[in-house]
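Working notes, beginning with the structure itself.
Each reported figure results from applying straightforward, stated rules to the coordinates on display, with no laboratory input. The model shown is predicted, which means the values in this text are computed figures rather than measured ones. With ideal geometry, Cβ positions are generated from the backbone for all residues, glycine too; neighbour counts draw on all protein chains shown.
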Amino acid sequence: MKRILIAAAILATALSSTVNAKGCIKGAIVGGVAGHMAGHGKVGAVAGCIIGHHEANKANAEKVRGESPNPPSKDDGKL
């Protein structure tokens, strides 16, 4: 019973903000399936959530970096 309450608390915390859940759900599903095959489904789901969230943040940072509002000029500041 204690494990179920802890798992529910972790899940509620992870899903409380849509920003924090980005990538987590997909990663948790993949990690849970892979972990289930290895006999550790819950551990795989948690690890998948963490990795999925990290990858989503990394992709978002690359996207933001690529959309710079002021691209460098071709003359490099020379007059």
Within the range 29-46, considering residues that are hydrophobic (A, V, I, L, M, F, W, C) and under 17 Å from Ile4 (Cα atoms), the one surrounded by the most Cβ atoms within 10 Å (Cβ to Cβ): Ala45
For the range 38-58, the count of residues that are in a loop (DSSP other than H, G, I, E, B) and aliphatic (A, V, I, L, M) equals 0
For residues that are over 9 Å from Gly23 (Cβ atoms) and in contact with a helix residue (DSSP H, G or I) (Cβ under 7 Å, 6 or more places away or on another chain), scanning just the range 47-60, find the one that is surrounded by the fewest Cβ atoms within 10 Å (Cβ to Cβ). Ala47
